[in-house]
Amino acid sequence: MEDPTASNNVTPPANSSSSSSSSSSSHTTPSPSTKVSLESRINRLINANQSPSPSRSIYSDRFIPSRSGSNFALFDLVSPSPSSKEDGAGSYATLLRAAMFGPETPEKRDITGFSTSRNIFRFKTETNRCLNSFSPFVSDDGPGVSHAPIKASRKVSRSPYKVLDAPALQDDFYLNLVDWSAQNVLAVGLGNCVYLWNACSSKVTKLCDLGADDSVCSVGWAFRGTHLAVGTSSGKVQIWDASRCKRTRTMEGHRLRVGALAWGSSVLSSGSRDKSILQRDIRCQEDHVSKLAGHKSEVCGLKWSYDNRELASGGNDNRLFVWNQHSTQPVLKYSEHTAAVKAIAWSPHVHGLLASGGGTADRCIRFWNTTTNTHLSSIDTCSQVCNLAWSKNVNELVSTHGYSQNQIIVWKYPTMSKIATLTGHTYRVLYLAVSPDGQTIVTGAGDETLRFWNVFPSPKSQNTDSEIGSSFFGRTTIR
């Protein structure tokens, strides 16, 4: 019998040979063309974000500004070079230093705009504000302006720190009844008596009594503060040793009351209602060494300059005269005032600078340069000018007034801006004196009160109080 599966010598058909060949090819190495195609596809996937297709926009998930498009001029910073590292601490220190102390130079750059590639503040409208405009210490006043912290103006107390009752203090414009010595003692003429008030101890001493037939018209301390001159209604001038309460000399020469006194280096000048000024050398036996004539009415103001070379006099004839040490006729004559000139003051800061004030019909403070013989300026105070005094510590002066406001004004020179206006007196503020430290003034009026005010700063600090006015003593009487 024949077996059908034993035919091994039979030739396979053609399709069998093709299938065998395909199976064996799956285990062989790929051709070179296939390898290049796979690498190209992988590289395109990896570099998809770096080589954007021109047909679509690529958006990143965060914004990283470019230094090349940043406007560093907005912060007054120097643009770093591409190769340098960013120093965050240094930039912050630069900004903080500029905010606290201002820019290095007063010149500021004008910011005209951002670059075309605006990466910083891209949603903020651009302005021309510079760095200093963001500082809390200064305001934006435009380019080219140097700023500094604004200095607070000095405050002056509007109230007197002490008030003394002064019974019988005369309400007479032409008299000068108050003066303050270098020894810190205040002399006040009350009726026919002179009283001394020690500002350190508040002790009151009665210096003299002229009697019922005479009265005090003026007082004036010598420079050292040990001797006091007293002008009387009888035309006499008395010299008193204040330390011993003893009269050392009586000088005559005037026919009428002596309402003005002024001490020079060794000369005592006295002005009278008899229109004359007498020069007295207390070292000589004569009552006076010369007589100055020129005024047509009562002499009510007298002041020697700080160098003792010039004497200024004011009178009820509306005239202001300047005399030298040896003249018997005025070397300078000023007639701009339209009322009596009682208020006279020489500046301790500028040689030859003289201030004068006119009465009710004038109301002006005028400034003169006696070196060049020129009228410098004038200001209408709207009130009768009774007294003037300069501060020896700063370039300021104080004026006291009568009709119609009875005020005290502290002025800044030369702008003549008002630093303070003080009120409290109910009558004309006819009398004024300055303490030896230059910080305190005392004012007297027909309301029979003396009021003490701290108005000027000390030489070292504008906030240091005067030793005299450091506390309130209350209201007392001077006799």
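The values are calculated or read from the model by the stated rules, or taken from the named source; none is laboratory data. Note that the structure is a prediction, hence the values are computed from the model and not measured. Note: ideal-geometry Cβ built from the backbone for every residue, glycine included; neighbour counts use all protein chains shown. Heavy atoms of the whole protein, side chains included, go into the accessibility calculation; ligands, DNA and RNA do not. Shrake-Rupley method; radii C 1.70, N 1.55, O 1.52, S 1.80 Å.
Does the stretch 330-379 hold any residues that are under 30 Å from the mean Cα position of the chain (by Cα) and aromatic (Phe, Trp, Tyr), and which are they? Those that are under 30 Å from the mean Cα position of the chain (by Cα) and aromatic (Phe, Trp, Tyr): Trp346, Phe367, Trp368.
For Thr205, the conditions (1) in a strand (DSSP E or B); (2) open to solvent by less than 30 Å² (accessible area, probe 1.4 Å); (3) more than 15 Å from Thr443 (Cα to Cα) all hold with the exception of (2).
Quick check on my filter: what residues within the stretch 432-463 are assigned to a strand (DSSP E or B) and farther than 15 Å from Ile419 by Cβ?
The initial filter retains those residues of the stretch 432-463 that are assigned to a strand (DSSP E or B), namely 432-434, 440-445, 449-454.
Those that are assigned to a strand (DSSP E or B) and farther than 15 Å from Ile419 by Cβ: Leu432, Ala433, Val434, Thr440, Val442, Thr443, Gly444, Ala445, Thr449, Leu450, Arg451, Phe452.
Going residue by residue through the stretch 309-317, is there one that turns out to be touching a residue at least 60 places away in the same chain (Cβ under 8 Å), assigned to a strand (DSSP E or B) and open to solvent by 10 Å² or more (accessible area, probe 1.4 Å)? Explain how you work it out, then say what you get.
Residues of the stretch 309-317 that are touching a residue at least 60 places away in the same chain (Cβ under 8 Å), as a first pass: 310, 316.
Still in the list and also assigned to a strand (DSSP E or B): 310.
Okay, now just the ones that are also open to solvent by 10 Å² or more (accessible area, probe 1.4 Å), so 310.
Yes, there is a match, as at least one residue in the stretch 309-317 is touching a residue at least 60 places away in the same chain (Cβ under 8 Å), assigned to a strand (DSSP E or B) and open to solvent by 10 Å² or more (accessible area, probe 1.4 Å).
Within the stretch 318-331, the set of residues being part of a strand (DSSP E or B) and buried (at least 16 other Cβ atoms within 10 Å of the Cβ) comprises Leu320, Phe321, Val322, Trp323. The residues in the stretch 276-297 that are over 42 Å from the mean Cα position of the chain (by Cα) and part of a loop (DSSP other than H, G, I, E, B) can be counted, and the count is 11. Against the test of being hydrophobic (A, V, I, L, M, F, W, C), under 22 Å from the mean Cα position of the chain (by Cα) and either at positive phi or modelled with pLDDT of 95 or more (or both), the options Val429, Val442, Val398 yield a single qualifying residue, Val398. When Glu298 is tested against (1) free of Cβ contacts under 8 Å to residues at least 24 places away in the same chain; (2) open to solvent by less than 40 Å² (accessible area, probe 1.4 Å), just one condition goes unmet, and that condition is (1).
Of the strands (runs of 3 or more DSSP E) lying entirely inside the stretch 359-424, not one is found with 1 or more residues being in contact with a helix residue (DSSP H, G or I) (Cβ under 8 Å, 6 or more places away or on another chain) and surrounded by fewer than 21 Cβ atoms within 10 Å (Cβ to Cβ). List the number of the failed condition for Leu432; all other conditions in (1) surrounded by fewer than 23 Cβ atoms within 10 Å (Cβ to Cβ); (2) touching a Gly at 6+ places or on another chain (Cβ under 9 Å) hold. Tallying (1) surrounded by fewer than 23 Cβ atoms within 10 Å (Cβ to Cβ); (2) touching a Gly at 6+ places or on another chain (Cβ under 9 Å), Leu432 fails exactly one: (1). Filtering the stretch 272-282 to residues that are open to solvent by 30 Å² or more (accessible area, probe 1.4 Å) and either under 19 Å from Val230 (Cβ atoms) or free of Cβ contacts under 8 Å to residues at least 12 places away in the same chain (or both) leaves Arg273, Ile282.
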